[in-house]
Amino acid sequence: MTDLDLPELVAHASPEFIDEPACKGWLENVPLANVATAQRQLYEQVREFNRFPTKALLRLGVMETLREAVNFVQIEQAKRFTNRALPMVEAEARIFEETIALWDEMRVGYMRCLDPVAEGEPGLRGQAALVAQRALAYIGLKMFHHYRAYRQVPGRDWRLLHEAYAKAEALGVEEEPVKDYLNRDVHDTSPRIAYIRAVMMGACNPNELGQRQLTFVAFLLERWAEKVDISRRPIQEEDLAPMVIDLMGDRTAERVEDDDVRVEEPRYLGTQRLAKSLRNRIGLLRKGESPAKLALGEDCVQPSCEQLLVFLYRQWCQARPGRGQERRRIADAALACQGLPAIHYFICGRAFRQPGDQRELSQKQRQEIATFGRIRTSHEDDYGVAQDFALEQWRLENDSAQGLRMVRVAAEPGKRYSHGQLVSVRPVDSTNFMLGQVRWLMTASNGDLHAGVRLLPGLPAETAVRATGLNAIDAQYVQALSLTAVPALDAPPTLVLPSGWYKPKRVVEVYVDSAVRVRLTELIERGSDFERVAYEILP
């Protein structure tokens, strides 16, 4: 195992502190109420200290003293770039980079202490497990904040993680118990547990999870990472390919079914105990037990709690299922837009107006009828209504009957996207739009925006809906979409409505060629900006 470079030690480095008492005194003057300033000061001084030549035992004392203040400012600063649409704006991206940089300097500080352990510096050998656990924990925190920002974790960070664990193994301390009082709930840990937490977080498809879900998974792994075994030899799991990490690689653990896949320095994970815990809790939740009584946290509620545990079980403890419709690899251009008004506009081919509106044609439209026999339907001039809608250029990487994986290169203009959002996509060689929901998002290191889109069943068409009842006599129509039935998928005809429209048995008026009253019968799914509902037509 080859060390990844640490910054060079320099004699002229001059941090504000060189030992634990001086560090405590300096921290008293750090303006923690001004989080941005505090983060900048901490970064500058930790970076300078990491280049300062000193004994490893003194370095360790300073790093331990810094931890609480660093943890506070990092959590506060993360609020300024998480739970945001992608891609980040410049200010959010800057805060993200500054937060990642401070996590990395904390990692450097502890990694600096590992080599003297191996060299036998007096007094440090008994701290070897703590040093290794801290180094692994800070690499894991750096990765976790990439997930929270839906950023691609650099391969170098995976190599750093694997290298730190390999050092713990070489020192024989990977299983030694360590206390970490900055953990949310469980303070008992070890280098192995810190490593497994980072590996399993990366293995749960985090780009598909919302912010609350990511925090919940981190909470679970704090408790349950110890249930994952790690071995140099394959661990037998019934009917499952082995879950393997390559300590010489640059990625997380994967289930490897191909014997020809080359793994230079394998470690095998056993998830049987973790699988048992997940199955037991899923079963009890289905029987009506509360998440709090199952030690799943007070803020975990049904049915989302059960759904997330099932998701985690599939990611960690099952073979990857074959797709109902195999994806085919393609490299086709596509046009896309987001949001009901824009999607309605491009599917319809003209600006939305109230049904029955007998607006007089403009002079330009009369000329188009005389010349072409119809009114031009491009977005530049529809019924005299100015529109701010635009189709974005994307590239389809692969597709199936039920989903798309696509990418918008950093140089292409476009709007910001969020999980669960309604989108419409049209391959350039097609005349029809497909309707879908953003399932996962990830910004690559080069700035490209990657998205996974789950297609909604049925052919989309424009329509309009308005409320009915005594309180809605003067209600206006709003844009909506309809989707045809797909018997092969057992999917009924549905309406796609703005968020907040669905109420059980609510009666609304739908306009296609004429007004029709329908009753909303079931909420099929709810996205971040839409609801898809089943309905029945009333006489």
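For this structure, a couple of remarks:
- One residue from Tyr511, Tyr535 being over 32 Å from the mean Cα position of the chain (by Cα), at pLDDT 95 or above and surrounded by 14 or more Cβ atoms within 10 Å (Cβ to Cβ): Tyr535
- For the stretch 23-44, the candidate set comprises residues that are free of Cβ contacts under 8 Å to residues at least 24 places away in the same chain and among the hydrophobic types (A, V, I, L, M, F, W, C); within that set, the residue that is farthest from Arg159 (Cα to Cα) is Ala33.
- Selection status of Phe49, farther than 12 Å from Glu105 by Cα and at pLDDT 95 or above: no
- Pairs meeting the criteria (first residue in the stretch 316-341 and within 18 Å of His450 (Cα to Cα), second residue in a helix (DSSP H, G or I) and at pLDDT 55 or above, beta carbons under 7 Å, at least 6 apart or on different chains) are Cys337/Ile343; Cys337/Phe346.
- Test: residue in the stretch 292-299 that is of a type outside the set (Phe, Trp, Tyr), surrounded by 18 or more Cβ atoms within 10 Å (Cβ to Cβ) and outside the structural domain of Glu169 (by TED's automatic domain parsing): yes
- Taken together, Leu483, Leu470, Leu497, Leu489 contain a single residue that is of a type in the set (A, V, I, L, M, F, W, C), under 35 Å from the mean Cα position of the chain (by Cα), surrounded by fewer than 17 Cβ atoms within 10 Å (Cβ to Cβ) and not assigned by TED's automatic domain parsing to the domain that holds His344, which is Leu489.
- Arg426 being at pLDDT below 95 and part of a strand (DSSP E or B): yes
Quick grid of which residues meet (1) buried (at least 19 other Cβ atoms within 10 Å of the Cβ); (2) not aromatic (Phe, Trp, Tyr):
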residue: Pro154; (1), (2): no, yes
residue: Leu161; (1), (2): yes, yes
residue: Val178; (1), (2): yes, yes
residue: Tyr181; (1), (2): no, no
residue: Met201; (1), (2): yes, yes
residue: Pro206; (1), (2): yes, yes
residue: Gln211; (1), (2): no, yes
residue: Trp224; (1), (2): yes, no
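This table checks each residue for (1) among the acidic types (Asp, Glu); (2) under 26 Å from Gln318 (Cα atoms).
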position	(1), (2)
Leu160	no, no
Ala164	no, no
Glu174	yes, no
Val186	no, no
Ile196	no, yes
Ala225	no, yes
Ile230	no, yes
Arg233	no, yes
Ala241	no, yes
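- The single residue among Leu489, Leu523, Leu495 that is under 19 Å from Leu459 (Cα atoms) and free of Cβ contacts under 8 Å to residues at least 24 places away in the same chain turns out to be Leu523.
- Residues of the stretch 497-531 satisfying the condition of being touching a Ser or Thr at 6+ places or on another chain (Cβ under 9 Å), in a loop (DSSP other than H, G, I, E, B) and of a type in the set (A, V, I, L, M, F, W, C): Val512, Phe530
- Residues (of a type in the set (Gly, Ala, Ser) and more than 14 Å from the chain's Cα centre (by Cα)) located in the stretch 79-103: Ala91, Ala93, Ala101
- Across the stretch 112-144, the qualifying residues are those that are assigned to a helix (DSSP H, G or I) and among the acidic types (Asp, Glu), and the one among them that is nearest to Phe219 (Cα to Cα) is Asp115.
- Unmet criterion (only one of (1) surrounded by 13 or more Cβ atoms within 10 Å (Cβ to Cβ); (2) over 25 Å from Gln213 (Cα atoms); (3) β-branched (Val, Ile, Thr)) for Val438: (2)
- Only one of the listed residues (Phe72, Phe81) is surrounded by fewer than 20 Cβ atoms within 10 Å (Cβ to Cβ), of a type outside the set (A, V, I, L, M) and touching a residue at least 24 places away in the same chain (Cβ under 8 Å). That residue is Phe72.
- Matching residues in the stretch 270-288 - criterion: being closer than 19 Å to Cys300 by Cα, surrounded by 14 or more Cβ atoms within 10 Å (Cβ to Cβ) and of a type in the set (Gly, Ala, Ser): Ser277
- Meets criteria (in a helix (DSSP H, G or I) and without any contact (Cβ under 8 Å) to a residue 12 or more places away in the chain) for Glu169: yes
- Residue within the stretch 185-199 that is of a type in the set (D, E, K, R), crowded, with 18+ Cβ neighbours inside 10 Å, out of contact with any Lys or Arg (no Cβ under 6 Å at 6 or more places or on another chain) and within 25 Å of Phe311 (Cα to Cα) present: yes
Each row is one residue, and each column tells you yes or no for (1) assigned to a helix (DSSP H, G or I); (2) assigned by TED's automatic domain parsing to the domain that holds Asp180; (3) surrounded by fewer than 16 Cβ atoms within 10 Å (Cβ to Cβ).
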| site | (1), (2), (3) |
| --- | --- |
| Val10 | no, no, yes |
| Glu48 | yes, yes, no |
| Arg51 | no, yes, no |
| Glu105 | yes, yes, no |
| Tyr110 | yes, yes, no |
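- Qualifying residue in the stretch 173-194 (condition: part of a helix (DSSP H, G or I) and outside the structural domain of Gln127 (by TED's automatic domain parsing)): no
- Which listed residue, of Arg212, Arg159, Arg192, is at pLDDT 95 or above, basic (Lys, Arg) and closer than 30 Å to Ala451 by Cβ: Arg159
The values are calculated or read from the model by the stated rules, or taken from the named source; none is laboratory data. Quick caveat: nothing in here was measured; it's all calculated off a predicted structure. Neighbour counts run over all protein chains shown; Cβ positions are idealised from the backbone, glycine included.
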